Amino acid sequence: MRKQIESWLQARWYGDRRPGLLLRSLAGLQAGLAKLNRRRVADAWRAPVPVVVVGNLTVGGTGKTPFVAWLAATLRDRGHRVGIVSRGYRRQSRETLRVDKDSRWQDVGDEPLLLRHMSDCPVVVGRNRVAACRLLLDTAPVDLILCDDGLQHYRLGRDMEIAIIDAGRGFGNGYLFPAGPLREPLARLAHVDFRVWNGGVPAGEEGIGMWLEPDHAVHLGTGEIRALSSFAPGPVRAVAGIGSPRRFFASLEQQGIEVHPETPGDHGVWHSDTGRAETPAIGLPVLMTDKDAIKLEAPAGADWWRVPVSARLAAEGALLSGIECLLSPAAASGTDT
C-alpha cells in the first residue's frame, strides 16, 4: 500500500498531473506549519563546536547520504575530528543512541549505520537533534558536527547549511507537500550557504556539481571485488530501496548491463522473492545498493553483490575552505585544546 501511495504522489509531483484541491489545501496547511517552525530559530540551541547542516528541500532521496559520507571522510583525512548526528528515519527505537558498526539497523536506521561504515566517524541518532549532539559531544572528541537531514530542524543552531538537490528531478511541480515534493517554499534556498546539485549544475543555476559513481561490485559472501563492466551485457536483478531508484538502475545501464529493476521502496526491506513474478530468470546475479545490503534479513545468495557509490564533486574547494574557516585555530591545525 505504501509503495502504491508513493507512486500515486510521484506521478503528481513530477508528472503532468495537477494535484487536486484536497492536496493543494493540505499544502497550504504545510506552508503555515513551515512558517511556524521557522520561528524556532530565535530559540535555537548552540553547540560549543561548529555545526554544519546537510539537508534537502524536497521529500525523498537526493544523494544526501553519500555526500555526508564523502564530506565527513574528507574532513577527517584533513585532520579534523568530525561527528555525525542523524534522525534515523523509520527505525524501531525512539532512544538517542550511538551507532556502532555492529549496531542493528532496526535500532539505529539504515542510513546512519551506512554513514558509520562509510565515513568511519562517530555517529549518533535521535529524533531530537539537540539531544543527539549532546550525546555525541559527551562520548566522542569532536571539533565539528555534521547534521544529516536537519535543514528543517530549527531547534538546532547551525553555522552553515548545505542543500542537496537532485538535478534530474529538481523541485517537481513546485508545490509544498503533499501537493508537491517541497518541505518548505523555494525561497528557503536563498538562505543556505551552498547548493550541491546531484547530477551536475543545471544551466542558469548556481552551486556545486556532484556525481555519484558506482566503481565496482563487492560479493556479499566472500568480499570479492569485481568490475561492474564484467556483468555486461547481463541481465541482472537490480535492487534499489532508495529515494530515487531510477538513478541506480541508470548507472548500471550505463555500464552496458541489462537490468530487471526491483525496489522495496525508500527505506524498505528487500526479500529475494520480491519481483519474482516480473523476473524471467531467478538465477540471475543480484546487484543491490549498500543501503539494501545492510538490511538483508537472510543469508546472501551465491551470486549477490553490493554496489558502493562514491560522491565526486566539482570545485569543492570553496565548500571545504568555508567549513574550515568555521573551525577554531586549534581545531584547524589538528591540535588538542
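The values are calculated or read from the model by the stated rules, or taken from the named source; none is laboratory data. From a predicted model like this one, the values you see are computed outputs, not experimental measurements. FYI the Cβ positions are ideal-geometry reconstructions off the backbone, even for glycines, and counts take in every protein chain you see.
Determine whether the stretch 7-23 contains at least one residue that is out of contact with any helix residue (DSSP H, G or I) (no Cβ under 8 Å at 6 or more places or on another chain), of a type in the set (Lys, Arg) and assigned by TED's automatic domain parsing to the domain that holds GLY199. No: zero hits. The listed residues are SER230, SER244, and the only one of them that is of a type in the set (Ser, Thr, Tyr) and modelled with pLDDT of 95 or more turns out to be SER230. In the stretch 75-92, the residues that are in the same structural domain as PRO122 (by TED's automatic domain parsing) and among the acidic types (Asp, Glu) form no Cβ pair under 8 Å with any partner that is buried (at least 22 other Cβ atoms within 10 Å of the Cβ) and assigned to a loop (DSSP other than H, G, I, E, B), whether six or more places apart or across chains.
The residue that is nearest to ARG312 (Cα to Cα), counting only those in the stretch 245-273 that are crowded, with 21+ Cβ neighbours inside 10 Å and in contact with an Asp or Glu (Cβ under 7 Å, 6 or more places away or on another chain), is VAL259.
Can you find a residue that is farther than 26 Å from ARG247 by Cβ and polar (S, T, N, Q) anywhere in the stretch 33-48? Checked the stretch 33-48: at least one residue is farther than 26 Å from ARG247 by Cβ and polar (S, T, N, Q).
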